[in-house]
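The values are calculated or read from the model by the stated rules, or taken from the named source; none is laboratory data. Nothing here was measured: the structure is a model prediction, and the numbers come from that model. Here the Cβ positions follow ideal geometry from the backbone for every residue, glycine too, while neighbour counts run over all protein chains shown.
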Amino acid sequence: MRNERAKRCWVTGAGGLIGHAAVQAAALPPGWEAIALTRADLELADAAAVATRFHADRPEAIIHCAALSRSPDCQRDPALARLWNVEVTRRLAALASEIPFVLLSTDLVFDGTRGNYREADAVGPLSVYAETKVEAEAVVRGNPRHLVVRTSLNHGESPTGNRGFNEEIVAAWRAGRSLRLFVDEFRNPIAATVTARAVWELMERGATGIVHVAGAEKLSRWEIGVALAERHAEGRGLVEAARLSEYQGAPRAPDTTLDCARARALLGHALPGYRDWLAANP
């Protein structure tokens, strides 16, 4: 039964990794109710249906996690990527013009030439996915009430079992596949549950503009794989070191690590390093 005294927040992409984490009771601040929206609940590309549902629900905030987020899909169909990542965001942000709106974005908006990026640093997207996120960010930043949260690789359990980077890696190991992981491509992995709680806290504290929310530890893809193999026996012996110079394909950003000093100041606490989080959550 709906709590009529609680404030209602739409959470789009509730069937995905961060969206799913954001609608769990453990993530919710007191006084809030999450309205979980999956594609089965609401077709976000249907502008009329979205407007009708918005005026019926009258949410007091929106956390927008839904996106076409698999880079190969975006590369194959840039028009579809822009529909989902830019135009859907534009419509939702317009509906939410008078209420808090949070867009989940990515560290891949940067070209990765130096790492430790701050919120004000110039972006340099290398893929269609990243380009659409840069465009969506610009839309959201047009409203001083709204917030962009850039995050990195998120670890977690998704309803479909294939949205977390850890889920993809472990699935490959269970299929007996050895993974060649780059020793010179760096990210700040973080648990989706930590990201979700931080997003709610930032919204509650009235944060606007851009905030980086990522793990405190800079790790290579290979180091991430080794850390996961230590807790998944099926991965032992199936992690091989590779270098970006060996890779042939679309451009890859070598170091998109994020400076999260603003998040620490706003939240009043540091975000955990990935290996520390793994150790604390066996």
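Here the range 140-155 is the region considered, the condition is being touching a Leu at 6+ places or on another chain (Cβ under 8 Å) and hydrophobic (A, V, I, L, M, F, W, C), and the residue that is farthest from Arg262 (Cα to Cα) is Val140.
Counting the residues of the range 21-37 that are under 17 Å from Gly164 (Cα atoms) and out of contact with any Ser or Thr (no Cβ under 6 Å at 6 or more places or on another chain) gives 3. Of the residues that make up the range 45-66, is at least one surrounded by fewer than 23 Cβ atoms within 10 Å (Cβ to Cβ) and under 22 Å from Ser158 (Cα atoms)? The answer is no, given that none of the residues of the range 45-66 is surrounded by fewer than 23 Cβ atoms within 10 Å (Cβ to Cβ) and under 22 Å from Ser158 (Cα atoms). The residues of the range 87-133 that are surrounded by fewer than 21 Cβ atoms within 10 Å (Cβ to Cβ) and in a helix (DSSP H, G or I), listed by number, are Glu87, Arg90, Arg91, Ala94, Leu95, Glu131. Could you tell me whether the range 44-59 includes any residue that is under 18 Å from the mean Cα position of the chain (by Cα), more than 18 Å from Thr160 (Cα to Cα) and among the polar types (S, T, N, Q)? No - not one qualifying residue is present in the range 44-59.
Within the range 134-161, the set of residues being surrounded by fewer than 17 Cβ atoms within 10 Å (Cβ to Cβ) and within 14 Å of the chain's Cα centre (by Cα) comprises Glu157 only. Across the range 1-34, which residue is modelled with the lowest pLDDT among those that are over 19 Å from Ser158 (Cβ atoms) and of a type in the set (A, V, I, L, M)? Filtering the range 1-34 for residues that are over 19 Å from Ser158 (Cβ atoms) and of a type in the set (A, V, I, L, M), the one modelled with the lowest pLDDT comes out as Met1. The single condition among (1) without any contact (Cβ under 8 Å) to a residue 24 or more places away in the chain; (2) in contact with a Pro (Cβ under 6 Å, 6 or more places away or on another chain) that Ala265 does not meet is (2).
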